[in-house]
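Structure record follows, encoded as structure tokens.
Derivation of every value follows stated rules applied to the coordinates shown; laboratory data play no part. Model, not experiment: these values are computed from the prediction. Cβ coordinates were reconstructed from backbone atoms using ideal geometry, including for glycine residues, and neighbour counts include every protein chain displayed.
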Amino acid sequence: MNFYLQSFLIFLKIGLFTIGGGYAMVPLIQDEIVDKRKWIDKEDFIDLLALAQSVPGIFAVNIAIFIGYKLRKFRGALAMALGTYSPPSLLCWQSPCSSSSSSNTR
């Protein structure tokens with residue numbers, strides 16, 4: 001399977017089935033990226049976690065970007081960030097509260 005598609009699907013799965021935000025995703029990301037696939041070692045993962053915590057923005061997206069960039073530069077970062085960001089953005093887009101045709105008009 002293509003690396004970009006595979007990494008997108010990994011982070012999509014993590015984003016879909018994790019409740020509790022970015023910090024709840026850390027053990028799942030570590031399991032998939034460090035333990036199962038061995039794409040990066042544990043020391044690098046810990047360094048990337050510290051870096052992701054220190055920059056502004058959504059933690060889960062930050063860690064996905066940093067892991068992707070370390071592995072495959074811009075394209076890797078893009079694939080992993082889109083995988084992480086897609087589930088919540090699709091849920092918000094499909095939410096009836098965000099609809100412009102809402103019956104609650106003032």
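With everything on Cα atoms, drop me the angle between helix 3-17 and the longest principal axis of the chain, reported from 0 to 90° to the nearest 10.
In the chain, helix 3-17 runs at an angle near 50 degrees to the longest axis.
With an 8 Å cut-off on Cα pairs and a minimum separation of 6 or more residues, tell me the relative contact order of the chain in percent.
34 percent
Using every alpha carbon pair in the chain, what percent of pairs falls into each 10 Å bin from 0 up to the bin containing the largest distance?
Each 10 Å bin holds this share of Cα pairs: 15, 46, 24, 10, 5, 1.
How big is the C-alpha Rg of the range 28-87 next to the rule-of-thumb value 2.2 N^0.38 Å, as a ratio?
1.01
Rank Leu90, Leu12, Leu82 by mean-square fluctuation in a GNM of the chain with C-alpha springs under 10 angstrom and give only the top-ranked residue.
Evaluated over the chain, the most mobile residue of the options is Leu90.
List the relative contact order of the range 6-61 as a percent without decimals, with contacts defined as Cα pairs under 8 Å and 6+ residues apart.
Working: 25 pairs, mean separation 18.9, N = 56.
Here the relative contact order equals 34 percent.
Picking from Gln53, Gln94, Gln30, which is most flexible by a Gaussian network model of the chain using Cα springs under 10 Å?
Gln94
Place a +1 charge on the Cβ of each Lys and Arg in the chain and a -1 charge on the Cβ of each Asp and Glu, then give the dipole magnitude about the Cα centre in debye, rounded to the nearest 20.
Using Cβ point charges on Lys, Arg, Asp and Glu, the chain gives about 340 debye.
So which residue, out of Phe45, Phe59, Phe17, gets the largest mean-square fluctuation from a GNM of the chain using Cα contacts under 10 Å as springs?
Phe17
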